[in-house]
Each structure stands twice: as structure tokens, then as C-alpha cells.
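Reading through the C-alpha cells given below for one structure.
Nothing in this text is a laboratory measurement; each read-out follows from the coordinates by a stated rule. If you're wondering where the values come from, they're calculated on a predicted model, not measured in any experiment. No Cβ is skipped: glycine too gets one built from the backbone with ideal geometry, and neighbour counts run over all protein chains shown.
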Amino acid sequence: MKILIIEDELDMLQNMKDFLEKENFVVEAASSVFEAQNKIGVYAYDCILLDINLKDGSGFSLLEDLKKKKIEDGVIIVSARNSLDDKLQGLNLGADDYLAKPFHMSELNARVKAVLRRSHFRGNNIIKLGNLCIDIDEHQVDIDEEVLALNRKEFEILLFFASNKNRLVNKSALAEHVWGDHIDQANNFEFIYSQIKNLRKKLNAAGANIEIKAVYGIGYKLVEG
């Protein structure tokens, strides 16, 4: 899952980024409204962590702009402003949650996971696809109640497909989801082909009754049966 942190307190931004990366999220960062707008205009995110007071503008204005453009990324406002009016304004503008500073990183992690469950998996932390079961919180995959050993990237790819079941996923979107900010450093999609190949091999060997189908020249689609 891919997260954008919009925060101009650089120490806070780095602490949040380091923590969430340890929780196996792909994390990108922006320290201004201008930088955030550029990223959001190009890339898609599963969740945005948004500070209100930014050096070149208001987080509220950025949130309002996101909703006007019908960008459906989940948004959690993270702010030192803890008044009821600020919370109501943020939620009324379309934020999914509001977390006041200071906070424990474990609470931030729980809030992010809750937003992701609501937006992608109807509030569930367990996803079932055929005989396959994905535990989002534990980063574990079972097939017929037997644990399937996946590396971090393979798990993220499978989870991305699960959140887009029966939809055609193009190679660029998948690469961006796995590679994050470093996608521009990749000259081709060989790293994606390699991860997909290994994931399909593991699923097949374990007897999974789902399939990641290749659509020539475009991308892939996860189907059951």
C-alpha cells in the first residue's frame, strides 16, 4: 500500500516515513502544497497524511481541491491544531480521519490501516479470494490454511491485485505502486516481470485457485477460478 505524507516539519516527516516503511508501506513525502500537488497530479496513493499548516498554503485548501477533482485517495489530517472547529472542518471537507499531534506512531499506524480497510476492503483486515486468505495486518497469505511464503514485494503486488480484482492493471500503475518515488530510475519493467513470475509460480505450486493473467502489451488481471 502506498502512502503520501504532506508535512513541513522535516523531523516529523522523516520519523513518520521511517516508521511506516518499517510497517511495509511504500512511502513518499512532500513538504509543501506545491510539491504535494505535483505528486498527486502524477501518482495515485492509497492514503494521504496531510498537515494543515504548510509553508506555502493551507492543507484544508489542498483537501478541498482534491475532493473537487474527485481524487478518491483516503486522507488523514495530522495536525497540531486540535480544536473541535478544525476537526469538523477537515471531516466536512472530506477527510477520513483527524489525528492531533503529538501522537504515538502505533496509533498513526492503526488509523492508516483502518482507512485502507474501509476504502479498499469494506472494513475487513482479512481478504478471501477462492482458497486464498490474505491477512493485511499480519502480512500473511494462507492457501487452504497453509502459509505461503512471500517476500515483501510479492505480498504488496498480490494485495494490489486483490484490491483491483477483475480489473485490468497496467504495468505502469503496478510499477509505480511497488517502486514508489524511484520508478523514474527504472529503465524497463524487468523488475516487475521478475516479481510477477515468482508470485505466479508460488501461487500455482501451492494450488491457489486464483490466477494472475497477462494481457499482452498492457498489464495483468487477477481472476478467480
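In the Gaussian network model of the chain, springs joining C-alpha atoms below 10 Å, which of V78, V42, V147 carries the largest mean-square fluctuation?
Between V78, V42, V147, it is V42 that shows the largest mean-square fluctuation.
Evaluate the range 2-121: find the radius of gyration of its Cα atoms, find its Kirkwood radius, and give the ratio Rg to Rh.
Values: Rg = 12.8 Å, Rh = 14.1 Å.
Looking at the range 2-121, the ratio lands at 0.91.
Among DSSP beta bridges lying fully in the chain, give the percent that are antiparallel, nearest 5. Could the numbers behind the result be given before it?
Values: 21 of 38 bridges.
Of the beta bridges lying entirely in the chain, close to 55 percent run antiparallel.
Quick one: helix 152-162 against the long Cα principal axis of the chain, what's the angle to the nearest 10°, folded into 0 to 90?
Roughly 90 degrees between the two axes.
Taking neighbour Cβ counts within 10 Å as the exposure measure, how do D135, D97, D11, D65 sort from fewest upward? Intermediate results must be reported in sequence, preceding the final value.
Values: D135 12, D97 19, D11 8, D65 15.
Sorted ascending by nearby Cβ count, the order is D11, D135, D65, D97.
When the chain is modelled as a GNM with alpha-carbon springs shorter than 10 Å, which of K17, K39, K213 fluctuates the most?
K213
If you take the Cα atoms of the range 126-224, find Rg, then find the Kirkwood Rh from the mean of 1/r over all pairs, what is Rg/Rh? It would help to have the intermediate numbers written out before the result.
Values: Rg = 13.0 Å, Rh = 13.7 Å.
Computed over Cα atoms, the ratio is 0.95.
If each residue's Cβ is checked for other Cβ atoms within 10 Å, how do K165, K202 rank with the fewest at the top? Please report the intermediate quantities before stating the final value.
Working: K165 13, K202 18.
Ascending number of Cβ neighbours within 10 Å: K165, K202.
Rounded, prolate or oblate: which fits the range 1-58, taking a ≥ b ≥ c as square roots of the Cα gyration tensor eigenvalues, rounded meaning a/c under 1.5, else prolate when a/b beats b/c? Intermediate results must be reported in sequence, preceding the final value.
Numbers: a/c = 2.45, a/b = 1.25, b/c = 1.96.
Taking the square roots of the gyration eigenvalues as a ≥ b ≥ c, the range 1-58 is oblate.
Using only alpha-carbon positions, what ratio does the radius of gyration of the range 60-145 give when scaled by 2.2 N^0.38 Å? Write down the numbers at each step before the final one.
On the way: Rg = 16.0 Å, N = 86, 2.2 N^0.38 = 12.0 Å.
My calculation over the Cα atoms of the range 60-145 gives 1.34.
Could you check which residue among Y98, Y45, Y193 shows the biggest mean-square fluctuation in a GNM of the chain with a 10 Å Cα cutoff?
Y193
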